[in-house]
Structures are given as structure tokens and as C-alpha cells.
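Peer 1: Okay, here's the structure, questions in a sec.
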Amino acid sequence: MKRPSHGFTLIELLTALLILSLLSLMSYRGLGAVLDGREQARLETEKWRRLDSFFSRFQRDVLMASPRDVRSSSGKVPAWRAQSQALLEPRLEISRFASADGVDMPRRIAYRLNEKQEIELWLWSGLDVAPNAQPARYTLLSGVTRLDLQYLNSDLAWVDAWPLPGGLVMPRAVRVRVVLTSGEEFVRLFALV
């Protein structure tokens, strides 16, 4: 007489272990994909936040630009001065009014792409620059390979440098092109008139 068995056979145990192993492997890969996607989304969000912060700051500064020339140790400097391929000097240097909320004062500011692939903001303590006065420098955006600025003149043509002889004190608009180290390119237009 045969006794009834109360356990699992070796084949049944091995089959159950195989199924559990496959389920855990699929769960592990799925979790890895979710974590990778989450990290990618975080990096993308951070990139867009930094770009938005830079473009917002740039827009605020150019919209508050003042047509007032400044005095410096070398004489008068135009209210809006831009150089197309400045290496050590700022690409754009402007006079800016005080902010309406009263947290800032009229001052001279500049934007520059430095050798570390960062866009810097230079802030002088006021509009007129004292002899040997050095601006405070702040990094606004890093990982930038190109910063191109163009200016809309009175003939509605884009130019690379400012001021123009016998032209407007300030341009009608500014076109900003930023190329990141990833190769991504972003272009924004800011109307000033």
C-alpha cells in the first residue's frame, strides 16, 4: 500500500525556484529602468531650471537698460557696449536702472563667457566706474560652449557689435544664442522698444 505524499517533489521545487528567480530578475530590471528614468528626468529638469534662470535674469537686465553713458577712468563709455568676439572683455556691457521693487540700484553690468565655459554676470557698485574698480563676478550658467549676441539696429538688420556710428543709443532688440556642451542650442529674442 502506497502512502500519500505530503511534500513537493524535487522537480516542483526547482520549477518554483526558477519562476521566482525570473520574477525577481524582471523586477530588478524594471526598478533599474525606473531609477534611471527618474535620474534622467531630474537632470533635464535641472538643465531647464538653470536655462530659465539665466534667460529670466538676462531679460530683466536688458529691459531695465538705461540710455545713460557712464564715466570711467578712460573717459565716457556708451550706455550699451557690445563686442562680437571679446575674449577677455565682456560680450555685453550696459547701464541699468534700479529695479521697481527697490532691491537693486542703478549700476553697470556685463555678461561674459569665460574660459571655464560659464556665463558670468559682472556687477559694478554703481553706474560710473571708479578708477581700478573691479566688478563682482557671478556664474549664471555653466556648461556653455558658445554665447552669441546680436542686436537689431534702426534698419531692422541684426548686427554683432554696438554702438553703431550715428545710430541708436540702444538696439531695438537682442537675440541671444546659447550652445551647451551637450550640443543643444537655445535662441531667445528680447524686444527693447
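The values are calculated or read from the model by the stated rules, or taken from the named source; none is laboratory data. Given the structure is predicted, the values throughout are model-derived calculations rather than measurements. Every residue, glycine as well, gets a Cβ built from its backbone with ideal geometry; the counts of neighbours run over all protein chains shown.
Peer 1: Of the residues that sit in segment 131-142 and are farther than 22 Å from W48 by Cβ and loosely packed, with under 15 Cβ neighbours inside 10 Å, which one is modelled with the lowest pLDDT?
Peer 2: Residue satisfying both the conditions and the ranking: P131.
Peer 1: Oh, and also: Which residue, of S21, S27, S53, is of a type outside the set (F, W, Y), in a helix (DSSP H, G or I) and in contact (Cβ under 8 Å) with a residue 12 or more places away in the chain?
Peer 2: S53
Peer 1: So G183 fits all but one of (1) among the small types (G, A, S); (2) touching a Ser or Thr at 6+ places or on another chain (Cβ under 9 Å); (3) surrounded by 15 or more Cβ atoms within 10 Å (Cβ to Cβ); (4) without any contact (Cβ under 8 Å) to a residue 60 or more places away in the chain; what number is the exception?
Peer 2: Just one mismatch for G183, condition (3).
Peer 1: Oh, and also: Mind listing just one residue for me: the one in segment 47-70 that is out of contact with any Asp or Glu (no Cβ under 9 Å at 6 or more places or on another chain), more than 21 Å from V144 (Cβ to Cβ) and not hydroxyl-bearing (S, T, Y) and, of those, surrounded by the most Cβ atoms within 10 Å (Cβ to Cβ)?
Peer 2: Restricting to residues being out of contact with any Asp or Glu (no Cβ under 9 Å at 6 or more places or on another chain), more than 21 Å from V144 (Cβ to Cβ) and not hydroxyl-bearing (S, T, Y), the top hit is A65.
Peer 1: Let me ask something else. In the set D36, D61, D52, which member is of a type in the set (D, E) and farther than 23 Å from F186 by Cα?
Peer 2: D36
Peer 1: Only one of D128, D104, D155 is in a loop (DSSP other than H, G, I, E, B), surrounded by 12 or more Cβ atoms within 10 Å (Cβ to Cβ) and either out of contact with any strand residue (DSSP E or B) (no Cβ under 8 Å at 6 or more places or on another chain) or without any contact (Cβ under 8 Å) to a residue 12 or more places away in the chain (or both); which?
Peer 2: So the residue among D128, D104, D155 that is in a loop (DSSP other than H, G, I, E, B), surrounded by 12 or more Cβ atoms within 10 Å (Cβ to Cβ) and either out of contact with any strand residue (DSSP E or B) (no Cβ under 8 Å at 6 or more places or on another chain) or without any contact (Cβ under 8 Å) to a residue 12 or more places away in the chain (or both) is D104.
Peer 1: I've got another one for you. Could you tell me which residue of segment 81-101 is surrounded by the fewest Cβ atoms within 10 Å (Cβ to Cβ), considering only residues that are among the hydrophobic types (A, V, I, L, M, F, W, C) and touching an Asp or Glu at 6+ places or on another chain (Cβ under 8 Å)?
Peer 2: Checked segment 81-101; the qualifying residue surrounded by the fewest Cβ atoms within 10 Å (Cβ to Cβ) is A98.
Peer 1: Which residues, taken from segment 72-105, are of a type outside the set (A, V, I, L, M, F, W, C) and farther than 21 Å from R146 by Cα?
Peer 2: Matches in segment 72-105: S72, S73, S74, G75, K76, P78, S95, R96, S99, D101, G102, D104.
Peer 1: How many of the residues making up segment 88-101 are in contact (Cβ under 8 Å) with a residue 12 or more places away in the chain and within 23 Å of D160 (Cα to Cα)?
Peer 2: 8
Peer 1: Still on this structure, I have one more. Can we say G7 is more than 16 Å from P163 (Cβ to Cβ), among the small types (G, A, S) and assigned to a helix (DSSP H, G or I)?
Peer 2: For G7, the condition - more than 16 Å from P163 (Cβ to Cβ), among the small types (G, A, S) and assigned to a helix (DSSP H, G or I) - is not met.
Peer 1: Tell me the residue from E44, E115, E120 that is surrounded by 13 or more Cβ atoms within 10 Å (Cβ to Cβ) and acidic (D, E), please.
Peer 2: E120
Peer 1: On to the next question. Looking at V159, V174 in this structure, which one is within 21 Å of Q85 (Cβ to Cβ), in contact with a Phe, Trp or Tyr (Cβ under 9 Å, 6 or more places away or on another chain) and at pLDDT below 95?
Peer 2: Of the residues listed, the single one that is within 21 Å of Q85 (Cβ to Cβ), in contact with a Phe, Trp or Tyr (Cβ under 9 Å, 6 or more places away or on another chain) and at pLDDT below 95 is V159.
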